[in-house]
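Everything below concerns the one structure shown next.
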Amino acid sequence: MRFTIAAALLCSVFSTVHAQQGTASPAALRPFVGIGYTSGGETLVPVTVRQRGGGAEFDEDISAGAGVEGRVGLSFRLADMPVSVRASYGIHNDQSNGIDNDRVFFRRYPVEVLGFYHFSDRASLGVGVRRATRPVLRYKNANVALPDGTEVTGFDATYHLQSAPGVVLEGEWRVTPSWGLSLRYVKEHFKVQGVRIDADHVGVNTQWYFR
């Protein structure tokens, strides 16, 4: 259902600029860097951060689809066609830092290949595949509450998850020929000890393309 809603929203936005399509750009290969923020997926670890001295508490849950994401890649625009192909490699990390050098994070390294249709020089809509490689959930010097209420301090552990291919739908608006803003939806999941974990998420990104 979320995939259908996201697809409908993206298509409705970019269909409004379809009439602006002009002469297709010549072939071009451009490296790019990007950064963004995502939200979604099941909670992997419920984290409660306590202020020093016993002050207020707040939650920073680690989720399977959330976090800050950075990527580098190449974008290739086909000659005489309003079509481009984009390949990238990145890091996607959701992390909580405590006050005593304690950390909990879920980190993965996504590989993506997307094809984009350019409605105009500014607007494009892409779809492709993604594989979040090397997904790992890591506790470093963390404080962990056991089911019986006992608290363990200085807990260190690493859990390796299994990833599966996912689907990406992304719409991009070029503010300038070299700077783009995008909205994306990713449908993917992980597995740990045979249990499926939903990691579907939405994200906002910005990309910078080099000539």
What list of ³J(HN,Hα) couplings, whole Hz, do you get for region 86-91 from phi and the Karplus terms 6.51, -1.76, 1.60, once you set θ to phi - 60° and write x for glycine and proline?
-> 10, 10, 8, 9, x, 10
For residue 43 and residue 157, compute 0.36 nm times the residue count separating them, minus their Cα-Cα distance, and round to one decimal in nm.
-> 39.3 nm
Quarter of Cα convex hull surface for region 87-146, i.e. mean projection, nm² | 6.5 nm²
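So if R0 is 25 Å, what FRET efficiency would residue 196 and residue 134 give, r being the distance between their Cβ atoms, rounded to the nearest 0.05? Don't skip to the end; give the middle numbers.
On the way: r = 19 Å, r/R0 = 0.75.
Efficiency, from the Cβ-Cβ distance: 0.85.
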Once you put a point 7 Å from the Cα of residue 27 and another 7 Å from the Cα of residue 164, both along the Cβ direction, what distance in nm separates them?
-> 3.8 nm
So, counting K/R as plus one and D/E as minus one, what does the shell of residues with Cβ under 13 Å around residue 190 add up to?
-> +3
Roll a 1.4 Å probe over the protein chains and send me the accessible area per residue for region 61-211 in Å².
-> 48 Å²
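The values are calculated or read from the model by the stated rules, or taken from the named source; none is laboratory data. In this text, all values refer to a predicted model and were calculated from it rather than measured experimentally. Methodologically, a virtual Cβ is constructed for each residue, glycine included, from the backbone with ideal geometry; neighbour enumeration extends over all protein chains shown. All accessible areas refer to the heavy atoms of the entire protein, side chains included, with ligands and DNA or RNA removed. Shrake-Rupley method; radii C 1.70, N 1.55, O 1.52, S 1.80 Å.
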